[in-house]
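Asks: Once you've had a glance at the structure underneath, I'll fire off some questions.
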Amino acid sequence: MKQKTWFTLHYWAGFHFSLLLSFVLLMGTLATISTELDWLTNPAIRAEHQVSEKQLIDWPALLQAVNQDYPKDKIERINRPSMPWHNIEVIARDQENQRFRIYLDAVNHNITGEGKWHNFQRFIRESHRHLKLPLPIGISIVGSLSIAMLLLFISSLFIYSHWWKYFFTFERIKTSFKLARIKTQPINLRKEASTKRRFWAELHKFIGLWCLWFVLLVSITGAWYLAERWGAGVRYPAIKNSVNHNQSGNLDVQPTKALSRAIDYMQINHPEFTINQVRFVAAKNIIEIHGQEDAILVRDRANKKVFDNLTGEFIGGHNGSELDWHFRISEAADPLHFGAFSSWHYRYVWFAFGLALSFLSFSGIYMYFLRLRQTGALKLLEGRNSLYVLWLNSFWIKWPCLGLLCAWCYFAIRDLIFLP
(Lines give C-alpha, C1' and ligand atoms only; values in the text may rest on other atoms or scores of the structure.)
Protein backbone atom coordinates (compact mmCIF):
# COMPACT_ATOMS: atom_id res chain seq x y z
CA MET A 1 0.00 0.00 0.00
CA LYS A 2 0.99 3.62 -0.48
CA GLN A 3 2.19 5.76 2.40
CA LYS A 4 -0.97 7.88 2.16
CA THR A 5 -3.12 4.77 2.63
CA TRP A 6 -1.16 3.76 5.73
CA PHE A 7 -1.58 7.27 7.08
CA THR A 8 -5.33 7.09 6.53
CA LEU A 9 -5.50 3.79 8.42
CA HIS A 10 -3.35 5.20 11.22
CA TYR A 11 -5.41 8.29 11.86
CA TRP A 12 -8.69 6.39 11.35
CA ALA A 13 -7.86 3.80 14.00
CA GLY A 14 -6.24 6.32 16.32
CA PHE A 15 -8.87 9.05 16.07
CA HIS A 16 -12.15 7.19 15.84
CA PHE A 17 -11.28 4.86 18.74
CA SER A 18 -9.55 7.65 20.68
CA LEU A 19 -12.34 8.20 23.21
CA LEU A 20 -12.28 4.64 24.54
CA LEU A 21 -8.64 3.89 23.75
CA SER A 22 -7.35 6.92 25.67
CA PHE A 23 -9.40 5.95 28.71
CA VAL A 24 -8.16 2.34 28.71
CA LEU A 25 -4.54 3.45 28.24
CA LEU A 26 -4.81 5.94 31.10
CA MET A 27 -6.37 3.34 33.41
CA GLY A 28 -3.67 0.83 32.45
CA THR A 29 -0.97 3.39 33.23
CA LEU A 30 -2.48 4.07 36.65
CA ALA A 31 -2.83 0.32 37.25
CA THR A 32 0.96 -0.03 37.37
CA ILE A 33 1.11 2.29 40.41
CA SER A 34 -2.35 1.61 41.85
CA THR A 35 -0.92 0.09 45.03
CA GLU A 36 1.02 3.31 45.55
CA LEU A 37 -2.21 5.29 45.40
CA ASP A 38 -3.54 3.10 48.21
CA TRP A 39 -0.30 3.68 50.12
CA LEU A 40 -0.83 7.45 49.86
CA THR A 41 -4.41 7.33 51.09
CA ASN A 42 -4.23 4.62 53.78
CA PRO A 43 -1.63 5.08 56.58
CA ALA A 44 -2.07 1.43 57.62
CA ILE A 45 -0.19 0.34 54.49
CA ARG A 46 2.91 2.42 55.23
CA ALA A 47 5.66 0.22 56.63
CA GLU A 48 7.89 1.15 59.53
CA HIS A 49 10.24 -1.75 58.69
CA GLN A 50 10.92 -2.40 55.02
CA VAL A 51 11.45 -5.86 53.53
CA SER A 52 13.13 -6.78 50.27
CA GLU A 53 11.65 -8.93 47.50
CA LYS A 54 13.40 -12.08 48.75
CA GLN A 55 13.64 -11.45 52.47
CA LEU A 56 12.38 -14.28 54.66
CA ILE A 57 9.02 -13.63 56.34
CA ASP A 58 7.62 -15.42 59.36
CA TRP A 59 4.29 -16.44 57.82
CA PRO A 60 3.02 -18.53 60.79
CA ALA A 61 3.64 -15.60 63.18
CA LEU A 62 1.64 -13.32 60.88
CA LEU A 63 -1.21 -15.83 60.80
CA GLN A 64 -1.18 -16.17 64.56
CA ALA A 65 -1.25 -12.39 65.06
CA VAL A 66 -4.30 -12.03 62.82
CA ASN A 67 -6.09 -14.96 64.44
CA GLN A 68 -5.63 -13.38 67.86
CA ASP A 69 -7.17 -10.06 66.85
CA TYR A 70 -9.73 -11.42 64.38
CA PRO A 71 -10.77 -14.81 65.83
CA LYS A 72 -14.19 -14.87 64.15
CA ASP A 73 -13.06 -13.82 60.68
CA LYS A 74 -11.89 -16.22 57.96
CA ILE A 75 -8.49 -15.56 56.47
CA GLU A 76 -8.24 -16.24 52.75
CA ARG A 77 -4.65 -15.27 51.95
CA ILE A 78 -1.56 -13.43 53.12
CA ASN A 79 0.40 -11.37 50.58
CA ARG A 80 4.01 -10.24 50.61
CA PRO A 81 4.29 -6.44 50.23
CA SER A 82 4.23 -5.35 46.59
CA MET A 83 6.72 -2.59 47.45
CA PRO A 84 9.43 -2.58 50.18
CA TRP A 85 7.73 0.33 51.97
CA HIS A 86 4.36 -1.47 52.15
CA ASN A 87 3.08 -3.62 54.99
CA ILE A 88 1.95 -7.23 54.78
CA GLU A 89 -1.59 -7.52 53.41
CA VAL A 90 -4.10 -10.10 54.64
CA ILE A 91 -7.37 -10.72 52.79
CA ALA A 92 -10.14 -11.88 55.16
CA ARG A 93 -13.91 -12.29 55.29
CA ASP A 94 -15.97 -10.95 58.16
CA GLN A 95 -19.00 -12.63 59.74
CA GLU A 96 -21.21 -11.20 56.99
CA ASN A 97 -18.94 -12.84 54.39
CA GLN A 98 -17.63 -9.48 53.15
CA ARG A 99 -13.97 -9.23 52.14
CA PHE A 100 -11.70 -6.67 53.76
CA ARG A 101 -7.97 -6.10 54.18
CA ILE A 102 -5.78 -6.27 57.27
CA TYR A 103 -2.27 -4.81 57.34
CA LEU A 104 0.63 -5.99 59.51
CA ASP A 105 4.23 -5.00 60.04
CA ALA A 106 6.40 -7.63 58.34
CA VAL A 107 9.01 -7.61 61.13
CA ASN A 108 7.25 -7.23 64.48
CA HIS A 109 3.89 -8.58 63.18
CA ASN A 110 1.89 -5.75 64.74
CA ILE A 111 -1.45 -5.00 63.09
CA THR A 112 -1.33 -1.47 61.68
CA GLY A 113 -4.92 -1.15 60.48
CA GLU A 114 -7.52 -2.21 57.94
CA GLY A 115 -8.59 -1.34 54.43
CA LYS A 116 -11.61 -1.80 52.20
CA TRP A 117 -11.73 -4.60 49.67
CA HIS A 118 -12.63 -2.15 46.89
CA ASN A 119 -9.57 0.08 47.04
CA PHE A 120 -7.75 2.07 44.34
CA GLN A 121 -5.92 -1.00 43.09
CA ARG A 122 -9.08 -2.98 42.53
CA PHE A 123 -11.06 -0.04 41.16
CA ILE A 124 -8.42 0.83 38.54
CA ARG A 125 -7.77 -2.83 37.68
CA GLU A 126 -11.46 -3.49 36.99
CA SER A 127 -11.72 -0.27 34.99
CA HIS A 128 -8.77 -1.16 32.79
CA ARG A 129 -9.44 -4.87 32.43
CA HIS A 130 -13.15 -4.91 31.62
CA LEU A 131 -14.57 -1.38 32.13
CA LYS A 132 -16.40 -2.77 35.19
CA LEU A 133 -18.71 -4.57 32.78
CA PRO A 134 -19.49 -8.30 33.04
CA LEU A 135 -16.23 -10.13 32.38
CA PRO A 136 -17.05 -11.81 29.02
CA ILE A 137 -18.30 -8.53 27.57
CA GLY A 138 -15.76 -6.18 29.12
CA ILE A 139 -12.65 -8.25 28.41
CA SER A 140 -13.80 -8.81 24.83
CA ILE A 141 -14.26 -5.07 24.25
CA VAL A 142 -10.98 -4.02 25.86
CA GLY A 143 -9.13 -6.90 24.22
CA SER A 144 -10.47 -5.84 20.82
CA LEU A 145 -8.73 -2.49 21.24
CA SER A 146 -5.42 -4.37 21.02
CA ILE A 147 -6.23 -5.03 17.37
CA ALA A 148 -6.56 -1.28 16.79
CA MET A 149 -3.22 -0.77 18.57
CA LEU A 150 -1.54 -3.38 16.40
CA LEU A 151 -2.87 -1.54 13.35
CA LEU A 152 -1.44 1.71 14.73
CA PHE A 153 1.91 -0.01 15.32
CA ILE A 154 2.15 -1.51 11.83
CA SER A 155 0.96 1.61 10.01
CA SER A 156 3.41 3.83 11.91
CA LEU A 157 6.35 1.84 10.50
CA PHE A 158 5.23 2.66 6.95
CA ILE A 159 4.24 6.27 7.63
CA TYR A 160 7.60 7.28 9.11
CA SER A 161 10.12 6.50 6.39
CA HIS A 162 13.48 5.24 7.62
CA TRP A 163 12.26 5.53 11.20
CA TRP A 164 15.24 3.62 12.59
CA LYS A 165 17.51 6.60 11.81
CA TYR A 166 15.78 9.09 14.08
CA PHE A 167 16.02 7.69 17.62
CA PHE A 168 18.59 10.32 18.63
CA THR A 169 17.63 13.13 16.25
CA PHE A 170 16.41 16.22 18.09
CA GLU A 171 17.03 18.86 15.42
CA ARG A 172 13.67 18.41 13.71
CA ILE A 173 11.82 18.90 17.02
CA LYS A 174 13.86 22.00 17.89
CA THR A 175 13.29 23.58 14.47
CA SER A 176 9.57 22.90 14.44
CA PHE A 177 9.25 24.21 18.02
CA LYS A 178 10.91 27.51 17.09
CA LEU A 179 8.62 27.91 14.08
CA ALA A 180 5.56 27.17 16.22
CA ARG A 181 6.48 30.04 18.59
CA ILE A 182 6.64 32.63 15.82
CA LYS A 183 3.48 34.76 15.72
CA THR A 184 2.46 36.12 12.33
CA GLN A 185 0.94 39.59 11.90
CA PRO A 186 -1.85 39.65 11.00
CA ILE A 187 -2.68 36.35 12.62
CA ASN A 188 -3.21 33.61 10.03
CA LEU A 189 -5.01 30.75 11.78
CA ARG A 190 -4.32 28.25 9.02
CA LYS A 191 -0.60 29.01 8.95
CA GLU A 192 -0.41 28.97 12.74
CA ALA A 193 -2.15 25.59 12.79
CA SER A 194 0.34 24.30 10.20
CA THR A 195 3.41 25.25 12.25
CA LYS A 196 1.90 23.88 15.46
CA ARG A 197 0.94 20.66 13.74
CA ARG A 198 4.47 20.24 12.45
CA PHE A 199 5.90 20.52 15.96
CA TRP A 200 3.36 18.15 17.50
CA ALA A 201 3.87 15.70 14.63
CA GLU A 202 7.63 15.64 15.19
CA LEU A 203 7.16 15.18 18.95
CA HIS A 204 4.53 12.48 18.31
CA LYS A 205 6.93 10.62 16.01
CA PHE A 206 9.89 10.91 18.37
CA ILE A 207 8.04 9.62 21.43
CA GLY A 208 6.34 6.99 19.27
CA LEU A 209 9.74 5.68 18.15
CA TRP A 210 10.82 5.02 21.72
CA CYS A 211 7.46 3.47 22.52
CA LEU A 212 7.40 1.06 19.58
CA TRP A 213 8.48 -1.91 21.70
CA PHE A 214 5.96 -0.99 24.37
CA VAL A 215 3.08 -0.62 21.90
CA LEU A 216 3.88 -4.03 20.44
CA LEU A 217 4.18 -5.59 23.89
CA VAL A 218 0.87 -4.34 25.30
CA SER A 219 -0.89 -5.03 21.99
CA ILE A 220 0.19 -8.67 21.81
CA THR A 221 -0.52 -9.36 25.47
CA GLY A 222 -3.87 -7.57 25.15
CA ALA A 223 -4.71 -9.77 22.18
CA TRP A 224 -3.74 -12.79 24.27
CA TYR A 225 -6.20 -11.77 27.00
CA LEU A 226 -8.88 -11.65 24.32
CA ALA A 227 -7.88 -15.09 23.05
CA GLU A 228 -7.90 -16.45 26.62
CA ARG A 229 -11.43 -15.24 27.15
CA TRP A 230 -12.59 -17.11 24.04
CA GLY A 231 -11.00 -20.48 24.64
CA ALA A 232 -7.21 -20.18 24.37
CA GLY A 233 -6.65 -20.04 28.12
CA VAL A 234 -5.02 -22.76 30.20
CA ARG A 235 -6.28 -24.62 33.23
CA TYR A 236 -4.08 -26.28 35.79
CA PRO A 237 -5.09 -29.80 36.81
CA ALA A 238 -6.79 -29.89 40.19
CA ILE A 239 -4.63 -31.01 43.12
CA LYS A 240 -6.84 -33.02 45.45
CA ASN A 241 -6.18 -33.54 49.14
CA SER A 242 -5.71 -37.26 49.66
CA VAL A 243 -4.46 -36.98 53.27
CA ASN A 244 -6.53 -38.90 55.80
CA HIS A 245 -7.25 -37.07 59.03
CA ASN A 246 -10.01 -36.55 61.52
CA GLN A 247 -12.71 -34.63 59.68
CA SER A 248 -14.21 -33.54 62.99
CA GLY A 249 -11.37 -31.05 63.39
CA ASN A 250 -12.26 -27.37 63.53
CA LEU A 251 -11.50 -26.19 60.01
CA ASP A 252 -12.64 -22.65 60.80
CA VAL A 253 -9.52 -22.07 62.90
CA GLN A 254 -6.59 -21.26 60.63
CA PRO A 255 -3.92 -23.98 60.89
CA THR A 256 -0.88 -22.17 62.27
CA LYS A 257 0.99 -25.40 63.09
CA ALA A 258 0.23 -26.85 59.66
CA LEU A 259 1.56 -23.69 58.03
CA SER A 260 4.73 -23.89 60.13
CA ARG A 261 5.34 -27.43 58.89
CA ALA A 262 4.65 -26.36 55.31
CA ILE A 263 7.15 -23.50 55.58
CA ASP A 264 9.75 -25.89 57.07
CA TYR A 265 9.19 -28.23 54.11
CA MET A 266 9.73 -25.35 51.67
CA GLN A 267 12.93 -24.21 53.34
CA ILE A 268 14.39 -27.70 53.29
CA ASN A 269 13.25 -28.89 49.85
CA HIS A 270 13.00 -25.57 47.97
CA PRO A 271 15.48 -23.17 49.61
CA GLU A 272 15.52 -20.86 46.55
CA PHE A 273 11.73 -20.51 46.54
CA THR A 274 10.56 -16.96 47.36
CA ILE A 275 7.13 -17.13 48.98
CA ASN A 276 4.91 -14.26 47.88
CA GLN A 277 1.50 -15.52 48.89
CA VAL A 278 -0.08 -18.04 51.25
CA ARG A 279 -3.67 -19.06 50.50
CA PHE A 280 -6.06 -20.95 52.79
CA VAL A 281 -8.68 -22.95 50.89
CA ALA A 282 -10.89 -24.30 53.68
CA ALA A 283 -13.36 -25.85 51.25
CA LYS A 284 -10.61 -28.19 49.99
CA ASN A 285 -8.75 -28.52 53.32
CA ILE A 286 -5.52 -27.22 51.77
CA ILE A 287 -2.90 -24.51 52.08
CA GLU A 288 -1.43 -23.15 48.86
CA ILE A 289 1.96 -21.46 48.69
CA HIS A 290 2.68 -19.33 45.60
CA GLY A 291 5.86 -17.52 44.66
CA GLN A 292 8.95 -17.41 42.45
CA GLU A 293 11.68 -20.00 41.99
CA ASP A 294 13.85 -20.58 38.93
CA ALA A 295 11.42 -19.75 36.10
CA ILE A 296 11.37 -16.24 34.64
CA LEU A 297 8.34 -14.32 33.38
CA VAL A 298 5.71 -16.30 35.24
CA ARG A 299 3.03 -15.30 37.70
CA ASP A 300 3.32 -16.50 41.28
CA ARG A 301 0.63 -19.12 40.71
CA ALA A 302 2.88 -20.91 38.20
CA ASN A 303 5.01 -22.05 41.16
CA LYS A 304 2.48 -23.60 43.52
CA LYS A 305 2.94 -26.02 46.41
CA VAL A 306 -0.09 -27.53 48.14
CA PHE A 307 -0.24 -28.80 51.74
CA ASP A 308 -2.87 -30.33 53.99
CA ASN A 309 -4.31 -27.62 56.23
CA LEU A 310 -4.36 -29.75 59.40
CA THR A 311 -1.18 -31.80 59.21
CA GLY A 312 0.97 -29.61 56.97
CA GLU A 313 1.79 -32.65 54.84
CA PHE A 314 2.93 -31.94 51.28
CA ILE A 315 0.31 -32.97 48.71
CA GLY A 316 1.60 -31.79 45.34
CA GLY A 317 2.25 -28.80 43.12
CA HIS A 318 3.94 -27.60 39.97
CA ASN A 319 7.01 -25.61 38.95
CA GLY A 320 6.92 -22.80 36.39
CA SER A 321 10.10 -24.02 34.68
CA GLU A 322 8.49 -27.39 33.93
CA LEU A 323 5.36 -26.03 32.24
CA ASP A 324 4.82 -26.44 28.50
CA TRP A 325 4.85 -23.53 26.04
CA HIS A 326 1.10 -22.90 26.28
CA PHE A 327 1.26 -22.40 30.05
CA ARG A 328 4.43 -20.30 29.80
CA ILE A 329 2.78 -17.92 27.30
CA SER A 330 -0.25 -17.58 29.54
CA GLU A 331 1.81 -16.98 32.67
CA ALA A 332 4.06 -14.43 30.95
CA ALA A 333 1.14 -12.21 29.92
CA ASP A 334 0.72 -10.33 33.22
CA PRO A 335 4.45 -9.70 33.91
CA LEU A 336 4.92 -8.38 30.38
CA HIS A 337 1.73 -6.34 30.31
CA PHE A 338 2.17 -4.60 33.67
CA GLY A 339 5.91 -4.87 34.31
CA ALA A 340 5.27 -7.13 37.31
CA PHE A 341 8.71 -8.74 37.33
CA SER A 342 10.79 -9.81 40.32
CA SER A 343 11.82 -6.24 41.11
CA TRP A 344 9.41 -3.38 41.79
CA HIS A 345 11.55 -0.98 39.73
CA TYR A 346 10.09 -2.24 36.47
CA ARG A 347 6.63 -1.00 37.42
CA TYR A 348 7.83 2.58 37.30
CA VAL A 349 9.40 1.96 33.89
CA TRP A 350 6.04 0.65 32.67
CA PHE A 351 4.32 3.65 34.27
CA ALA A 352 6.61 6.08 32.41
CA PHE A 353 6.02 4.38 29.06
CA GLY A 354 2.31 4.17 29.84
CA LEU A 355 2.27 7.94 30.27
CA ALA A 356 4.10 8.28 26.96
CA LEU A 357 1.58 6.01 25.26
CA SER A 358 -1.31 8.02 26.71
CA PHE A 359 0.39 11.18 25.44
CA LEU A 360 0.56 9.68 21.95
CA SER A 361 -3.17 9.10 22.04
CA PHE A 362 -4.07 12.61 23.22
CA SER A 363 -1.52 14.33 20.96
CA GLY A 364 -2.89 12.40 17.97
CA ILE A 365 -6.34 13.83 18.68
CA TYR A 366 -4.92 17.35 18.94
CA MET A 367 -3.02 16.96 15.67
CA TYR A 368 -6.21 15.93 13.91
CA PHE A 369 -7.86 19.12 15.17
CA LEU A 370 -4.91 21.17 13.87
CA ARG A 371 -5.18 19.36 10.55
CA LEU A 372 -8.82 20.38 10.23
CA ARG A 373 -7.87 23.99 10.96
CA GLN A 374 -4.92 23.89 8.59
CA THR A 375 -6.98 22.60 5.66
CA GLY A 376 -9.71 25.17 6.27
CA ALA A 377 -12.28 22.53 7.23
CA LEU A 378 -13.14 24.62 10.30
CA LYS A 379 -13.96 27.75 8.35
CA LEU A 380 -17.70 27.33 8.82
CA LEU A 381 -17.26 26.29 12.44
CA GLU A 382 -15.09 29.13 13.75
CA GLY A 383 -16.04 30.08 17.26
CA ARG A 384 -17.22 26.59 18.14
CA ASN A 385 -15.63 24.68 20.99
CA SER A 386 -12.66 22.54 19.90
CA LEU A 387 -14.02 19.36 21.49
CA TYR A 388 -17.36 19.94 19.79
CA VAL A 389 -15.62 20.28 16.43
CA LEU A 390 -13.77 17.02 16.96
CA TRP A 391 -17.02 15.38 17.98
CA LEU A 392 -18.69 16.50 14.75
CA ASN A 393 -15.85 15.08 12.66
CA SER A 394 -15.58 11.75 14.43
CA PHE A 395 -17.04 8.54 13.07
CA TRP A 396 -20.18 6.69 14.26
CA ILE A 397 -17.93 4.61 16.56
CA LYS A 398 -18.07 7.54 19.00
CA TRP A 399 -21.59 6.53 20.05
CA PRO A 400 -20.85 2.98 21.30
CA CYS A 401 -17.61 4.29 22.85
CA LEU A 402 -19.54 6.99 24.68
CA GLY A 403 -22.14 4.43 25.75
CA LEU A 404 -19.44 2.17 27.19
CA LEU A 405 -17.91 5.03 29.16
CA CYS A 406 -21.36 5.98 30.47
CA ALA A 407 -21.84 2.37 31.56
CA TRP A 408 -18.46 2.50 33.32
CA CYS A 409 -19.53 5.69 35.12
CA TYR A 410 -22.72 3.98 36.30
CA PHE A 411 -20.91 0.93 37.69
CA ALA A 412 -18.13 3.08 39.18
CA ILE A 413 -20.62 5.29 41.06
CA ARG A 414 -22.56 2.23 42.18
CA ASP A 415 -19.40 0.60 43.53
CA LEU A 416 -18.28 3.74 45.33
CA ILE A 417 -21.66 4.13 47.04
CA PHE A 418 -22.73 0.58 47.83
CA LEU A 419 -19.68 -1.69 47.93
CA PRO A 420 -17.55 -2.08 51.09
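The values are calculated or read from the model by the stated rules, or taken from the named source; none is laboratory data. Bear in mind the structure is a predicted one, so any value in this text is a computation, not a measurement. No Cβ is skipped: glycine too gets one built from the backbone with ideal geometry, and neighbour counts run over all protein chains shown. Remember, those area values only see protein heavy atoms, side chains included, never the ligands or the DNA or RNA. Shrake-Rupley method; radii C 1.70, N 1.55, O 1.52, S 1.80 Å.
Asks: Can you find, within region 20-70, the residue that is least open to solvent (accessible area, probe 1.4 Å) among those that are part of a helix (DSSP H, G or I) and without any contact (Cβ under 8 Å) to a residue 24 or more places away in the chain?
Replies: LEU40
Asks: Being over 21 Å from CYS409 (Cβ atoms), at pLDDT 95 or above and β-branched (Val, Ile, Thr) narrows it down to one residue among ILE33, ILE45; which is it?
Replies: When all the criteria are applied, what remains is ILE45.
Asks: Is it fair to say ARG328 is open to solvent by 20 Å² or more (accessible area, probe 1.4 Å) and under 15 Å from the mean Cα position of the chain (by Cα)?
Replies: It is false that ARG328 is open to solvent by 20 Å² or more (accessible area, probe 1.4 Å) and under 15 Å from the mean Cα position of the chain (by Cα).
Asks: Could you please give the count of residues in region 329-347 that are assigned to a helix (DSSP H, G or I) and under 16 Å from GLY291 (Cα atoms)? Even if it seems obvious, please write down each step before you answer.
Replies: Quick first cut of region 329-347, residues assigned to a helix (DSSP H, G or I) only: 329-338, 345-347.
From the residues that got through so far, the ones that are under 16 Å from GLY291 (Cα atoms) too are 331-332, 334-335.
Residues flagged as assigned to a helix (DSSP H, G or I) and under 16 Å from GLY291 (Cα atoms) within region 329-347 amount to 4.
Asks: Among the candidates ILE239, ILE220, which residue alone is under 19 Å from SER330 (Cβ atoms) and modelled with pLDDT of 95 or more?
Replies: ILE220
Asks: In region 80-114, what count of residues is obtained for those that are within 26 Å of the chain's Cα centre (by Cα), buried (at least 17 other Cβ atoms within 10 Å of the Cβ) and part of a strand (DSSP E or B)?
Replies: Final tally of qualifying residues: 11.
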